[in-house]
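Worksheet for the structure shown next.
Coordinate-derived values only; no laboratory data. It should be emphasised that the depicted structure is a prediction, and the values quoted were computed from it without experimental measurement. Every residue, glycine as well, gets a Cβ built from its backbone with ideal geometry; the counts of neighbours run over all protein chains shown.
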Amino acid sequence: MSAVTDPSIPTAEIPISEARSFEGYVSAMPVEPQAPPIPSTGLVGWLRAHLFSSVGNTILTIIFGAFALYVIWGFVSFALFDATWSGSDREACLAHSGREAGACWPMIKERLAYFAYGSYPIPQRWRVDIVFLLGAIGLVWVLWIDAPRRDLGAFYFFVIVPIASYCLLYGVPLLGLPIVDTDLWGGFLVTLVISSAGIVAALPLGILLALGRRSKLPVISIASTIFIEVARGVPLITVLFVAKVMLGYFLPERFDPALMVKALIAVALFSAAYMAEVVRGGLQAIPKGQQEGASSLGLGYWQSMRLVILPQALRITIPGIVNTFIGGFKDTSLILIIGMFDFLKTVEVAVEDPKWSTPVSGPTGYLFAAIIYWICCFGMSRYSRAVEMRLSVAHKR
Amino acid sequence: MKHFFVFVSACLAMAFGTSVADAQTLNQVKQRGQLICGTNTGLAGFALPDAQGNWAGLDIDYCRAIAAAIFGDATKVKYVPLDATSRFESLKSGAVDVLVRNTTWTLSRDSSQGLDFEATNYYDGQGFMVRKKMNINSALELNGASVCVQQGTTTELNLADYFRSNKMKYEVVAFKSDEETVKAYDSGRCDAFTTDASGLAAERVKLSTPDDHVILPEIISKEPLASSVRKGDSQWGTLVRWVHFAMVDAEEAGVTSKNVDEMMKSPSPEVKRMLGVEGKFGDGLGVPNDWVVNIIKQVGNYGEVFDRNVGASSPLKLPRGLNNLWSKGGLQYAPPIR
C-alpha cells in the first residue's frame, strides 16, 4: 500500500482557498527577504555598542572625537607637516610665506651628538659607544627570559659591564685611555649612568633594608627604619645640594669625591629607601604560614627568604618595583641642581642657543625630550608587564 | 687614622675660623694645574655649551683668560655650572675658585655674602623692547603703554619705580615665566617688553621677526655683572681683577689676538710694559711675565671677546653701549699697567 494512493490524505491538488485554512501551521508562501539584523560584532557592532548606543553617548562621542582629532591634528602638523627638516640656522625654522612654523628638527639634528655625550671629548667618544654597546648586549641577555646561560649574563651585566664602563668612561692611563673628568660627561650618557646605578643598587639594597626593617633584632630594625624614613623624608634636591656644597666645608679638597660619585651615591641610596618600602609591601602580603612552612621543612632564615618568601613577594611587587625604576629614571633630571648636565638639560641648552632660537625652538626641544623619555619608560613598563604575565601563569584563573 | 686626623684638623680649622677661604687660592690653583670657574648653567652669549660640547661666552672667556694668565694655557679650566641659589655657597665652600656668573654687584652681596667682587665684565641694566612700527625712540614716550614683564622679579619693581618717577601711566601684563612673557609680547598682548638689556637681545632672536623690534636706549636700572672671589684672599682677587683690566687696556692700546706678536716690537712704553717686554709686572700678581700676551693671544682683548660673544659678530648683536671703552663714551675703564 502506498500513501500516495490513499484518498483520505489531502494532496497538493487542494484548491488555494482551502489551503489558506492551514496558514496557522505551515507557510506555503516563501517569506519576503529581509534586511540582515544589525550586527553586534565586528567594527560596526563595536562602534554601536560603545560609541553610539544612545543619543547622549553619540553627542559625547562626536564632541570628544572632534576634540581628539583637533589635538592630534595640531600635534601631527606641528611635528610632521609644518616641520622644518633641513637648514643650517634659525632662518630655516622661521615661518615663511604664510606657512605656520612647525618643529625645528635640524636644531635637534645638529645637537644629537651633544644630547648623547654632552661635553665628552670628541676624539674619545668611541669609548662611550662601546659602553652603550656592552650595556645593550647585557640588557638583552639579562632581560630576554629564554636567553642561554642567563647566570653568566647576570654576572656579565652586574659585574663585568660596570667595571668595563668605569674603565672606559673614566679612563685608565695605564691602558692608554686618558682620564675624562666626570664634569665633561653629559647628556644621555649621564642620565643612563645615574639611572642604571640607581636601578642596579636599589633592588638589592632595598631588599636588605626591607628585611632589616622587619627584623626582630632591634638594632637592625631601628637602623633600617631610620635610614628609610630619613631618606624618604628629605627631598632629593636637598641631599644633592648638601652633597655638592656642604661637603666642601669639612672635607679637604683631595678627599672631596667627584660630583658624579656624589650624585651616584645619593641617587642609589634614595631609590633604595623607596624600593625598601615597595618590597616590604610584598613581604607583608605573604601569609605567615609560608614562613612557618619553610621553617618546618628545616630551612633557615636566609634559605626560607631566598627560596620561599622573596620569590613570592617580589613577584607581586613587580608593578611597584618598575614604578620606582621609572620614577628614578625621570628623577635623574634633578642632578642639574648640582651642575651636571643630564639629557634634559642638554636639550634645554640647545633651546637656549641663539643660533637656533625661534618661537618654536622651545616646543621642539621639549617634544624631543618627551619622546625619548616616553620611549624609555614605556619600554620598561611593557617589559614588566610581560614578566608579570609570565610569572603569573600558575595563578591564572 | 690619617683620614680621621685630616678630618679633625679640618673641623678644628673651621672651628677657629681659618676656613678654606683664607688659603692661598692662587697656590691651590697652580698645584691643581687647573682653574675651577663657577659659571651659569646656560645663558646665551655669557656661558653656553656649543654643539661640540665646548663652553663659550663672555663669562667663559673671562675664565679662560684667567687660566691663560696663570698657566699660559686657556684650556686649563674646569667649568662648574651653578644655579642662582647655589652660586655663593659654592664659592664660599671652595667648590669653585672664582665666580664669573653674570652676578650683579650689590652692596648687600659685597658686604654680607662672604665674597669680594672684583671686576665688572658687563654693565647690564633693564631696558625696553618695542615694535618698530610704534615709532617710539625713547622709553619716556611709553606713557599709557602696556608692558609685558616677568612676575615677582626686581624687573617688575624697577618698572614700577621708573613709571612712577616719570609720572607716566602704564599697564602691567605679568607672566610667571620668561618664556610666557616673550610669547605674549610676540603675539601682541602688550606694547613693550622689559627685562635686562642683554636678556632683551637674547629674547629678541626668539621672536618670529626680530627685525621688526627695537631695543630702546634707556636703561632704567644698574646691573653691573661682576666676577667675585672668596673674601679675604686679596692676592687672588687682585689677579682676577687685573685679568679683566689687562683685556680692557689691551683693547685701548690696540693690541689684538692677531697683532700681539708685532706689538711686542712696538715702541710704545705703555705696550712694552703691558706685554712684559719691559718691567716685571707679572711677578706682583704671581704669574709669568708674559701673562698679558697669553691672554690676548689665546682669548683676545675685551673688544674682541665682546664682539665674538654678544656683540656684532654674534647672533645677539648687542651694542657696546655702556660696555664701550671710557674713551668711546662707555664705562670700561682700566687703571694703567705700570
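Compute the angle between helix A:55-76 and the longest alpha-carbon principal axis of chain A, please, reported from 0 to 90 degrees and rounded to the nearest 10.
40 degrees
Please give the contour-minus-distance gain from residue B:270 to residue B:166: 0.36 nm per residue of separation, less the Cα-Cα distance, rounded to one decimal in nm.
Fully extending the segment from residue B:270 to residue B:166 adds 32.9 nm.
Could you please rank B:333, A:117, placing first whichever residue has the fewest other Cβ atoms within 10 Å of its Cβ?
Least crowded to most crowded, the residues run B:333, A:117.
When we measure straight from the Cα of residue B:272, which aspartates and glutamates land under 13 angstrom away, once same-chain ones fewer than 8 places off are left out?
B:249, B:261, B:262, B:290
Run the paramagnetic zone check for residue A:301: 7 angstrom along Cα to Cβ, then residues of segment A:223-248 with backbone nitrogen under 16 Å.
Residues A:223-225 qualify, since their backbone N sits under 16 Å from the label point.
Averaged across B:47-60, how many Cβ atoms of other chains sit within 10 Å of each residue's Cβ atom?
5
Fewest first, what order do B:190, B:37 take by the number of other Cβ atoms within 10 Å?
Values: B:190 22, B:37 26.
Final ranking by Cβ density, sparse to dense: B:190, B:37.
With 10 angstrom as the radius, rank A:78, A:325 by how many other C-beta atoms surround their C-beta, starting from the fewest.
Ascending number of Cβ neighbours within 10 Å: A:78, A:325.
Could you grab the relative contact order for chain B? Cα pairs under 8 Å, six or more apart, rounded to a whole percent. All intermediate terms of the calculation are to be shown ahead of the outcome.
Working: 621 pairs, mean separation 71.6, N = 338.
Contact order relative to length: 21 percent.
Taking the highest mean first, how do the peptides A:272-285, A:335-348 order by number of other beta carbon atoms within 10 angstrom per residue?
Descending packing order for the listed peptides: A:335-348, A:272-285.
Would you list, by chain and number, the aspartates and glutamates whose Cα falls below 18 Å from the Cα of residue A:330, excluding same-chain residues fewer than 8 positions away?
Hits, sequence-local ones excluded: A:342, A:348.
For each pair in A:345/B:133; B:92/B:222; B:78/B:222; B:167/B:231, compute the distance between the two Cα atoms and list the pairs where it is over 32 Å.
With Cα atoms farther than 32 Å apart: A:345/B:133; B:167/B:231.
Between segment A:179-248 and segment B:177-232, what is the C-alpha centre distance in whole Å?
Using only Cα atoms, the two centres lie 41 Å from each other.
Using the 4.7 Å Cβ rule, please list in number order the cysteines from chain A without any candidate partner.
Cysteines lacking a close Cβ partner in chain A: A:167, A:376, A:377.
Which value in nm describes the separation of the simple spin-label points at residue B:280 and residue B:189, placed 7 Å from the Cα toward the beta carbon?
6.4 nm
Quick one: which of A:350-362, A:58-70, B:169-181, B:220-232 comes out on top by average Cβ neighbours within 10 Å, and what's the full order, highest first?
Top of the packing list down: A:350-362, B:220-232, B:169-181, A:58-70.
Given a Förster distance of 30 angstrom, what is the FRET efficiency for residue A:70 paired with residue A:91, based on the Cβ-Cβ distance and rounded to 0.05?
With R0 = 30 Å, the Cβ-Cβ based efficiency is 0.50.
What residues qualify as long-range amide H neighbours of residue B:43, i.e. H under 5 Å apart, gap of 5 or more or another chain, H built at 1.01 Å from N?
Answer set, sorted by chain and number: B:48.
Considering every residue in B:126-132, what mean count of other chain Cβ atoms within 10 Å of its Cβ is obtained?
Neighbouring Cβ atoms belonging to other protein chains average 0 per residue here.
Put a dot 7 Å past each Cα toward the Cβ at residue B:107 and residue A:38; how far apart are the dots in nm?
Going from the residue A:38 label point to the residue B:107 one covers 8.2 nm.
Compute the Cα gyration tensor for segment B:109-207, then decide on rounded, prolate or oblate, letting a ≥ b ≥ c be the square roots of its eigenvalues: rounded whenever a/c is under 1.5, prolate when a/b is larger than b/c in the other cases, and oblate in all that remain.
Working: a/c = 1.86, a/b = 1.59, b/c = 1.17.
The shape class here is prolate.
Taking R0 as 45 Å, what FRET efficiency do you get between residue A:389 and residue B:208 from their Cβ-Cβ distance, rounded to the nearest 0.05?
Computed FRET efficiency for residue A:389 and residue B:208 comes out at 0.35.
Residues with amide H under 5 Å of residue B:35's amide H, sequence separation 5 or more or different chain, H placed in the peptide plane at 1.01 Å from N; which?
Here the answer is B:77, B:78, since their amide H atoms fall under 5 Å of that of residue B:35.
Students often check this: by mean Cβ neighbours within 10 Å, which of A:173-181, A:291-299, B:197-205, A:37-45 ranks highest, and how do the rest follow?
Most protected by this proxy first, the peptides run B:197-205, A:291-299, A:173-181, A:37-45.
Going by the alpha-carbon gyration tensor, a ≥ b ≥ c the square roots of its eigenvalues, is the protein assembly as shown rounded (a/c under 1.5) or, if a/c is not under 1.5, prolate (a/b greater than b/c) versus oblate?
Oblate is the answer for the protein assembly as shown, as a/c is 1.5 or above yet b/c matches or exceeds a/b.
Just going by the charge dipole of chain A, with Lys and Arg at +1 and Asp and Glu at -1 on Cβ, which of A:86, A:198, A:297 is farthest out on the positive end?
A:297
Mind checking which lysines have their Cα closer than 17 Å to the Cα of residue A:216? Skip sequence neighbours fewer than 8 apart in that chain.
Here the lysines satisfying the reach criterion relative to residue A:216 are A:288.
Report the relative contact order of segment B:126-221, percent, no decimals, based on alpha-carbon pairs under 8 angstrom and at least 6 residues apart.
With pairs under 8 Å counted, the relative contact order is 48 percent.
With the Cα gyration tensor of chain B giving a ≥ b ≥ c as the square roots of its eigenvalues, does the rule (a/c under 1.5 for rounded; else a/b larger than b/c for prolate; else oblate) give rounded, prolate or oblate?
Verdict is oblate for chain B.
Per-residue Cβ counts within 10 Å, from other chains only, averaged over A:337-349: what number is that?
Details: counts 5, 7, 12, 2, 5, 0, 0, 0, 4, 3, 0, 2, 9.
Mean partner-chain Cβ count within 10 Å for A:337-349: 4.
Among the listed pairs B:132/B:169; A:109/A:262; B:132/B:206, which have their C-alpha atoms separated by more than 27 angstrom in this model?
In this structure, A:109/A:262 exceed 27 Å between Cα atoms.
Between residue A:292 and residue A:377, what is the FRET efficiency for a Förster distance of 51 Å, r being their Cβ-Cβ separation, to the nearest 0.05?
0.80
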